[in-house]
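Please read the structure below before turning to the comments.
Bear in mind that the values in this text are calculations on the coordinates, not laboratory data. None of these values were measured; they are calculated from a predicted model. FYI the Cβ positions are ideal-geometry reconstructions off the backbone, even for glycines, and counts take in every protein chain you see.
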Amino acid sequence: MQYNSADIKSIISYAKKLEGKTLRNLCGDVLENSYSGKGKFGQLLEKFYFNYEPNSVADADFPEVGVELKSTPLKKIKGDKLVAKERLVLSIINYFEIVSQDFDTSSFIKKNSHLLLIFYLFEKDINALDYLIKMVGDWKIPPQDLIIIKQDWERIKSQVAKGKAHELSEGDTFYLGACTKGGKGGNYRGQPESEILAKQRAFSLKQGYLNHIIAVINNSNDDYGRLFTNTNILKEQSIESVVSDRFIPYLNMSVFQILQKVENKLNPNAKNFYASLTKLILGVQDEKEIEEFTKANIAIKTVRLGDGDIPKENISFPAFKYDELLDEDWDESTIKEQFEQKFFFVFFKYNHQNELVLKRVKFWNMPYNDLESVKMVWSKTKELVEQGNIVKEVKGKKRLTYFPSTKFNGVAHIRPHAQNSKDTYPLPTADKLTGSQEYTKHSFWLNNKYVRNAIYLSPE
DNA sequence: GCATGATCATGC
DNA sequence: GCATGATCATGC
């Protein structure tokens, strides 16, 4: 044994030797064929570097010191910056056990409160033995985050206790998510208060939270502005209600009046005007990110309401790539991720002077049944792309498509989202009618009437 | 007036 | 140069 498994310092210094190396560098050509798939790197690491058999017991991986070993991929984004490639998946949620547990003594806390994190750079089509290990971090959940994670855990527990384990969603919570886990078509389990089978889920740290951990490890976390200098308030109140309370003094004020009140000269024509205004009201400096929002992967959406409280526009999402659509399963899809996340909506409405007036703010995430409707839009679109069955009719400059429109179901639809009609992505199957190998970029949109009925008008 | 296709503006 | 959030334009 090259480290003392009863001594935390020994474990960490042994782990630190991984930095800048690959497993092949350190362990040589091992019997790598014994493992495969997504968890391969982690299994190789445990067996050949730390010399213990990969397991799925309830105890932490180093039980004597209560440390859990986790490896997780990084990816490069613009400017060669390294960020988390995905959420960090922790232990499976046992629906039967969680309902009778207390957070402080829960199996979640026992296993996951102290993590030894191994970050490696993921590269497609490369053997897991050759991933470059970039960072090793020792992470204990800090008290101010633990308060929020506890609220998240309680929320997951109460859903299960209500017999709604099958309706759990990652968007329900802030830092700690309940993510699906287990293969194509999903892995289903029973739950204590309902006959309905629920997808197997695991606790996970949101991608945004993991990026925060990375920033702390690298001492580069000064781009954040915090909502709470003192998180004790969260012992009595949810984040949602604290944030909503901060908007109360500004409700029914016009944008102009709000700017006067916060004594700021933001340019109302700037693209990020509403995002900046939101930060000002929340007391976060304009150039900083809202720490709690970033860590929780919360997307801010501002909506302008017209007559009848109907949003002036549908809400767009990023354009999707046609080939990616075919590659992905629903549970791992970009589209599901985008619709499942938590949103913070800021609603403005035009008054008689044609000024925008702040009417309401709301945290929201899509209910399970509606996410199923988005899935139907997704499968229909995927089917059409697969068949090359996109263009219905060419009418002068306009082309009508078979893509699901606003009438397909009440939730979401597909529309163009491009610079112009010549701004395209390649098609995996050439279009039957036009023979074209590429097509104008399209994206998913949330129907404006759905936004009114399901979000703006719905009670807290 | 609404649904749907097309495009703009900004920032990285 | 492109991704993204936002908005315009047209025809039924």
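In region A:274-297, the residue that is farthest from the chain's Cα centre (by Cα) out of those that are among the aliphatic types (A, V, I, L, M) and within 12 Å of DNA strand C (Cβ to nearest atom) is A:LEU277. Of the residues making up region A:187-198, those that are closer than 14 Å to A:ILE93 by Cβ and in contact (Cβ under 8 Å) with a residue 40 or more places away in the chain are A:ARG189, A:GLY190, A:GLN191, A:PRO192, A:ALA198. For region A:424-460, taking the residues that are away from DNA strand C (no atom under 13 Å from the Cβ) and charged (D, E, K, R), the one that is farthest from A:VAL374 (Cα to Cα) is identified as A:LYS432. Restricting A:ARG155, A:ARG87 to those that are buried (at least 20 other Cβ atoms within 10 Å of the Cβ), more than 16 Å from DNA strand B (Cβ to nearest atom) and charged (D, E, K, R) reduces the list to A:ARG87. For region A:413-442, filtered to residues that are out of contact with any helix residue (DSSP H, G or I) (no Cβ under 8 Å at 6 or more places or on another chain) and of a type in the set (Ser, Thr, Tyr), the residue that is nearest to DNA strand B (Cβ to nearest atom) is A:SER421.
When A:VAL394 is tested against (1) surrounded by fewer than 18 Cβ atoms within 10 Å (Cβ to Cβ); (2) more than 9 Å from DNA strand B (Cβ to nearest atom), only condition (2) is not met.
Find the helices (runs of 4 or more DSSP H) located wholly in region A:252-345 whose residues include 1 or more that are within 16 Å of DNA strand B (Cβ to nearest atom), and list them.
Here the list reads A:273-282, A:291-295, A:322-327.
Cβ separations smaller than 6 Å between residues 6+ apart or across chains give the following pairs from region A:86-110 residues that are in contact (Cβ under 8 Å) with a residue 60 or more places away in the chain to residues that are among the charged types (D, E, K, R): A:ARG87/A:LYS206; A:SER91/A:LYS111; A:ILE93/A:ARG201; A:ILE98/A:LYS157.
All of A:ASP323, A:ASP286, A:ASP329 fail the test of being loosely packed, with under 15 Cβ neighbours inside 10 Å, without any contact (Cβ under 8 Å) to a residue 24 or more places away in the chain and on the phi < 0 side of the Ramachandran plot, apart from A:ASP286. Please tell me if A:TYR250 is more than 16 Å from DNA strand C (Cβ to nearest atom) and touching a residue at least 12 places away in the same chain (Cβ under 8 Å). Yes.
One residue stands out in region A:401-423 among those that are in a strand (DSSP E or B) and near DNA strand C (Cβ under 10 Å from one of its atoms): the one that is nearest to A:TYR439 (Cα to Cα), namely A:PRO416.
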